[in-house]
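For reference, the structure discussed in these notes is given below.
None of the figures in this text is laboratory data; all of them are computed from the coordinates on show. Just so you know, these numbers come straight off a predicted model, no measurement behind them. FYI the Cβ positions are ideal-geometry reconstructions off the backbone, even for glycines, and counts take in every protein chain you see.
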Amino acid sequence: MINTTKKLGEAELEIMQVIWKKETPVTSNYILKELKGQRKWQLSTLMTSLTRLSNKGFVSCDRSTGSNLYTSLISENEYKAKASRHFLEKLYNNSIQNMIAALYSDKAIKNSDVAELRRFLDEIEAEHSGEDEQC
């Protein structure tokens, strides 16, 4: 479980995305190679970030194989859900409606995005109404 005070910085998020994408333990060299187009890091810089991620409780490091293997301690979906809740609370007073209204009025979302959201909400509603009938 994520400590609610612990958040990922931009570079840390990029590292976590590499780890989440692989789904199996990865070496620091693998992460460095995957980040090559995004970051011009030396291995020592990456190691510092991995140590921070470990201290924050986001990754574990298995040293038993002779090379350090890094594994995520939290799933990508768990992190996204937690970060999204925090974002919604802090910026939009915990109101999805306020967030959508702000994005729509600023033209950050289009009518097609609204239609897609409407379809998604209809699907969720249909799933939940089916669950209610089964109980």
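Distances between placed amide hydrogens fall under 5 Å for residue 27 paired with 70, all partners being 5 or more residues away or on another chain. Protection proxy ranking for 14-21, 101-108, using the average of other Cβ atoms within 10 Å per residue and placing the highest first: 14-21, 101-108. The packing ranking of peptides 38-45, 78-85, 27-34, highest mean first, is 27-34, 78-85, 38-45, where packing means the average number of other beta carbon atoms within 10 angstrom of each residue.
The Cα atoms of the chain define a convex hull whose projected area, averaged across directions, is 12.1 nm². Helices meeting the span-like rule in the chain (full DSSP H runs, Cα extent of at least 15 Å along the helix axis, mean Kyte-Doolittle score of 0.0 or higher): 43-55. Here r is the Cβ-Cβ distance between residue 84 and residue 29 and R0 is 25 Å; the resulting FRET efficiency, rounded to 0.05, is 0.20. Here, region 4-56 is characterised by an Rg to Rh ratio of 0.94, where Rg is the alpha-carbon radius of gyration and Rh the Kirkwood radius.
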